[in-house]
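Below: one structure, written as structure tokens.
Where a number appears in this text, it was derived from the coordinates with a stated rule and is not lab data. Here the structure is a predicted model, which means the values were calculated and not measured. A quick note on method: Cβ atoms are made from the backbone with ideal geometry, for glycine too, and the neighbour counts reach across all protein chains shown.
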Amino acid sequence: MENNKVIVIGGGAAGLFAAISAAENGADVLLLEKNDRCGKKLRITGKGRCNVTNDCTTEEFLQNVPSNPRFLYGALNCLSTQDVKDFFEGEGVPLKTERGKRVFPVSDKAEDIVSALVNACRDRGVKIINEKVLSLIIEDEKIKGVKTHSGERYADAVIICTGGRSYSRTGSDGDGYEFARSAGHTVTPLLPSLVPIVCAGKLCPSLQGLSLKNVSLSIIYKNTQKEVYSDFGEMMFTHFGITGPMVLSASAHIPDISSGRYEARINLKPALDEKTLDARVLSDFSKYANKDLINALDDLLPQKLIPVVISLSGIDERKKVNSITREERKALTDVIRSIRLSLVGFRSLEEAIITKGGVSVKEIDPKTMESKKCKGLYLAGEVIDVDAYTGGFNLQIAFSTGKLAGQSAAWQE
Ligand SMILES: Cc1cc2nc3c(=O)[nH]c(=O)nc-3n(C[C@H](O)[C@H](O)[C@H](O)COP(=O)(O)OP(=O)(O)OC[C@H]3O[C@@H](n4cnc5c(N)ncnc54)[C@H](O)[C@@H]3O)c2cc1C
């Protein structure tokens, strides 16, 4: 019997893994990538360091997938987080595990991950051509191949690995959704996730460029005062609102951000409880007893924040520290412990780390990643309606679904 011919559309995380897996299972594999090289998005992951997976159990993993986690059981069974680690170590990329079980290459170079994947493709005989796929060729609900500028290319199976629609300059600009639609698939609404947040008011623009470390951020649903997210770490103010690792993570926990339903609360001194913070302020006040308040907080807060915090606490910034009352001090520490921002929206899909939504999981067989609408058509990666929080989960989803789709496509009758 002749080997299956498999075409993989897209040379990102899912496509490269799908191609490796299909080739390992005996298929003749052609990978078509529209950029002049593969892995353009992969190269910028984890700020160029590539958080390649998360060293956690499958149960923990699925708790980090807010959309359609159960769909991923089969894929994670096919390629676990440990398997991904073994794969890269086996390809000569040593890995290390950091805070939150996040796994990175020891070299801190995403480029090493891309090279390992591309070399693994070449070693297994995958042919990579830099060509944009224009459409699918489908006859009687069965895939026949794809059309490109250079003509028609035929195959027994085609795997759509075209990614989401964010950071479109990396190549993932949504072609895959159109391919899936042409095969009869439903695409659920495409929304930004892991995305900067727009805030009301002038506070953020006045603090533009200020980065905060070791602060805590809580997101509160105003109606019920329920806390939907809380973390400790880094964030940044911008001309429109807030961004940074904690903010991106927080965005995935906010289902409907419209009309100011949520509020962010920033604790600038989360390590100090109310009493300890008050004692700390008192000690600074005795040190700077004869100064104006505006000149007495340098030891406690970043320069840019001082006038903002004083103004929010309602105290005259020119008031002498030795005449500040206990109530005023309480107002000041209350602000330091909880700067409040009303959230009004997300930035665009283009600025999002991840696209939420995509090809409906109801129309894909979770045991094989084959389309239920078109025989021989498979899907993998972000094009599918699954998304996860930060921590290496999204790349693992791409690798796992890619591997499962690749082997299924190679074996299909
Ligand atoms: C700034 C940033 C940082 C990130 N950091 C991390 C991280 O550290 N850890 C993590 O787990 N996740 C991270 N992610 C998310 C992760 O990069 C994606 O989830 C993952 O790349 C999705 O893989 P994919 O293969 O589905 O899509 P992509 O990696 O986007 O690959 C899709 C490929 O398909 C190609 N393509 C599209 N259309 C066509 C066509 N018509 N013909 C031919 N080729 C086509 C594209 O050019 C592209 O190369 C990050 C994302 C961004 C934007």
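Hull surface divided by four, with the convex hull built on the Cα atoms of the range 179-261: how many nm²?
Orientation-averaged projected area of the Cα hull: 7.3 nm².
Within 10 Å, Cβ to Cβ, of L343, how many net charges do the neighbouring residues add up to if Lys/Arg are +1 and Asp/Glu are -1?
Surrounding charge for L343 is +1.
Any idea what the alpha-carbon Rg over 2.2 N^0.38 Å comes to for the range 1-63?
So the Cα radius of gyration is 1.40 times the expected 2.2 N^0.38 Å.
Cβ neighbours within 10 Å, averaged per peptide: list 121-130, 261-270, 29-38, 321-330 in order, most packed at the top.
Order by mean packing, descending: 29-38, 261-270, 121-130, 321-330.
Structure shown: which of K222/K304; K41/K202; K5/K147; K144/K367 lie over 24 Å apart, alpha-carbon to alpha-carbon?
K222/K304; K41/K202
Using alpha carbons only, how many angstrom separate the centre of the range 156-195 from the centre of the range 29-67?
15
Counting each DSSP H run of 4 or more residues in the chain as -39500 (n - 2.57), what helix-only mean residue ellipticity at 222 nm follows after dividing by all residues, to the nearest 500 deg cm²/dmol?
Taking each H run of at least 4 residues, the total per residue is -9000 deg cm²/dmol.
For the range 114-204, what is the largest minus smallest coordinate of the Cα atoms on each principal axis, given in angstrom and ordered from greatest to least?
Sorted largest first, the three principal extents are 57, 36, 20 Å.
In the chain, if every C-alpha pair distance is counted and binned at 10 Å from zero, what percent goes to each bin?
Answer for the chain: a P(r) of 5, 21, 26, 19, 13, 8, 5, 2, 0, 0 percent.
So for the chain, averaging the separation of alpha carbon pairs under 8 Å that are six or more residues apart and normalising by length, what relative contact order in percent results?
RCO, the chain: 27 percent.
Dividing the convex hull volume of the alpha carbon atoms of the range 69-133 by its residue count, what do you get in Å³ per residue?
That works out to 146 Å³ per residue.
Using a Debye calculation, one point per C-alpha and no hydration shell, please list log10 I(q)/I(0) for the range 255-311 at q = 0.25 Å⁻¹ in order.
Scattering profile of the range 255-311, log10 relative to I(0): -1.09.
I need the per residue convex hull volume for the range 288-368, using only the alpha carbons, in cubic angstrom as a whole number.
Cα convex hull per residue, to the nearest whole number: 182 Å³.
Could you sort the peptides 219-226, 373-380 by per-residue average Cβ neighbour count (10 Å cutoff), highest mean leading?
Peptide ranking by packing, descending: 373-380, 219-226.
Need one number for the range 40-198: average projected area of the convex hull over its C-alpha atoms, nm².
11.6
Treating the Cα atoms of the range 38-114 as identical point scatterers in vacuum, please give the log10 of the normalised Debye intensity I(q)/I(0) at q = 0.11, 0.18, 0.25, 0.26 Å⁻¹, two decimals.
Cα-only, vacuum Debye calculation for the range 38-114: -0.29, -0.77, -1.20, -1.23.
Hey, what's the per residue convex hull volume over the C-alpha atoms of the range 339-413, in cubic angstrom?
118
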